[in-house]
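Some notes on the structure that comes next.
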Amino acid sequence: GIFAYLTGSATYAKYLLIPHIPGAGELLIFCGAMAGAGLAFLWFNAYPAQVFMGDVGSLALGAAIAVVAVVTKNEILLAICGGIFVVEALSVMAQVASFKMTGKRVFKMAPIHHHFELKGWAEPKVIVRFWIISILLALVTLSTLKLR
């Protein structure tokens, strides 16, 4: 949402040396609605989870975020900010490729968060560590705005 507003505002886009995209500022409303819905979901999804999103919700949410990244021309920043999701997807790809080619597994179970759980980490421990990594990746993403 912040990227959409910054690219839609000629003043901020010029200051940050990012491309100005006329009309992208309206995406802020859409992104705000997604953020609000996501916060409400997380409120009820606190450990132990009471509500599960499932594939339909998570794939739609991911697609919406990807569309906003493409419209605002921040695809690389999306890959950095969503690094946990990238690693999760790559862990599944590596597991499948390794098992098909060599018959051996890279991880105890894919995606990688299940690997950590099978190694003895409690589920809340994995979740909190992934939160910390996600916050650090978001800070790295925000710090790269001025570097272009």
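The values are calculated or read from the model by the stated rules, or taken from the named source; none is laboratory data. Everything numeric here is computed off the predicted structure, so don't read it as measured data. Note that we place each Cβ from the backbone using ideal geometry, even for glycine, and neighbour counts take in every protein chain shown. Ligands, DNA and RNA are stripped out before the accessible areas are found, and what is left, the full protein with its side chains, is counted by its heavy atoms. Shrake-Rupley method; radii C 1.70, N 1.55, O 1.52, S 1.80 Å.
Tabulated data
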{"quantity": "Residue count, the stretch 122-148 (criterion: assigned to a loop (DSSP other than H, G, I, E, B), open to solvent by 40 Å² or more (accessible area, probe 1.4 Å) and in contact with a helix residue (DSSP H, G or I) (Cβ under 7 Å, 6 or more places away or on another chain))", "calculated": "1"}
{"quantity": "Qualifying residues in the stretch 61-77 (those that are open to solvent by 60 Å² or more (accessible area, probe 1.4 Å) and assigned to a helix (DSSP H, G or I)) - the one modelled with the lowest pLDDT", "calculated": "71"}
{"quantity": "Checklist (1) modelled with pLDDT of 80 or more; (2) closer than 22 Å to residue 73 by Cβ; (3) surrounded by 14 or more Cβ atoms within 10 Å (Cβ to Cβ) applied to residue 45, failing item", "calculated": "(2)"}
{"quantity": "Output for the stretch 80-121, where each listed residue is open to solvent by less than 60 Å² (accessible area, probe 1.4 Å), in a loop (DSSP other than H, G, I, E, B) and more than 26 Å from residue 135 (Cβ to Cβ)", "calculated": "103"}
